[in-house]
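No lab work stands behind these numbers, since they all come straight from the coordinates. Every value quoted in this text rests on a predicted model; they were computed, and no experiment measured them. Here the Cβ is made from the backbone with ideal geometry for all residues, glycine too, and neighbour counts use every protein chain on show.
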Amino acid sequence: MTIDAPEGQYHYKLMRRALEVIDAAEAPLSLEALAGEMNMSAAHFQRMFSAWVGVSPKRYQQYLQLGEAKRLLSERFTTLETAQSVGLSGSGRLHDLFLRWEAMSPGEFARKGAGLSIRYGWFDTPFGAAIVMGTERGICGMGFAEEMGRETCFEDLAQRWPAAEFVHAPERLAGWVTAGISGTGETALHLMGAPFQIKVWEALLRVPSGHVTTYGEIAGAIGSPKAVRAVGTAVGRNPVSWLIPCHRALRKSGALGGYHWGLPVKRALLAWEAAREEA
């Protein structure tokens, strides 16, 4: 699954350009106008849109608008303290996979990966090229390269475990990655972080696809209601993008907040999930 001519990456670039055009427009654009802005025929653009997200460009524009985060927060807010979900949509449409995870012990984490062999490879996703890293126990890192570039993306994850050995072996990760992207089968995660970070990431796993929560809600759910700023930092340090859904954490005001792999990616993730959930 190493990427050579990635169809999914092309689709994401198309969505990325569409997002920029939509944001620059003073009013919603017709299919013909939006397709024209990207030098495509309306029919071809419609097909590409449908292949990526499953709804019309007109409908999808609603999800890409900046105010959509506030709508999600008001209508699809998840209360983590009472949530019974473990991060699954429950709809049969998206990420209905069995996800098992385990965390390193504090001692293992303190050794910064010493003695670990971490395999890595590049994979195609609906949001462009992603670097995926994993140990024999599961995926330990996943990041999107679209905004920062492949080299920086790889270094960003690798420096978290500076004492580990990194081996290019995408075939050893392909099964887990395919399950995670397609939403079928079993995906294993091997989380490497400080105890507080692990608690935050565990809380994120309880936010269903197509829903959102707030940093403050996460802080309360892990028993540290005053640690909102620290929660925000831990969310930003999540090493396993998408599968641990840090993109579903918003500020209380409804603002998107930050996203380690770029706000355009976060917006695309939220829009893609919300649209598919309601399709």
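A compact table of results
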| read-out | value |
| --- | --- |
| Length-normalised contact order of the range 72-278 in % [C-alpha pairs under 8 Å, at least 6 apart] | 28 percent |
| Sites SER253 and LEU31, calculated FRET efficiency, Cβ-Cβ separation with R0 45 Å, nearest 0.05 | 0.85 |
| Net length gained if the chain between ALA51 and ARG172 were fully extended (0.36 nm per residue, minus Cα distance) | 40.7 nm |
| Taking PHE196, PHE45 and counting other C-beta atoms within 10 Å, the order from fewest to most | PHE196, PHE45 |
| Sequence-distant residues sharing a close amide H with MET142 (under 5 Å, placed H) | MET133, VAL240, SER241 |
| Burial ranking of peptide ranges 181-193, 163-175, 237-249 (average Cβ count within 10 Å, highest at the top) | 237-249, 181-193, 163-175 |
| Too-long pairs where the Cα-Cα distance tops 27 Å, listed order kept, from LYS199/LYS266; LYS13/LYS252; LYS58/LYS266; LYS13/LYS58 | LYS13/LYS252 |
| Charge tally in the Cβ shell below 11 Å around PHE49, where Lys, Arg are +1 and Asp, Glu are -1, PHE49 excluded | +3 |
| Neighbourhood charge, 11 Å Cβ-Cβ cut-off, centred on CYS153 and excluding it, Lys, Arg +1 and Asp, Glu -1 | -4 |
| Sorted by Cβ neighbour density within 10 Å, fewest at the top, the residues PHE127, PHE154 | PHE154, PHE127 |
| Whole-Hz ³J(HN,Hα) from phi, Karplus 6.51 cos²θ - 1.76 cosθ + 1.60, for the range 112-120, glycine and proline x | 6, x, 4, x, 8, 9, 9, 8, 8 |
| Estimated FRET transfer efficiency when R0 is 22 angstrom, pair SER117-GLU155 (beta carbons, to 0.05) | 0.75 |
| Whole-Hz ³J(HN,Hα) from phi, Karplus 6.51 cos²θ - 1.76 cosθ + 1.60, for the range 28-33, glycine and proline x | x, 9, 6, 4, 5, 5 |
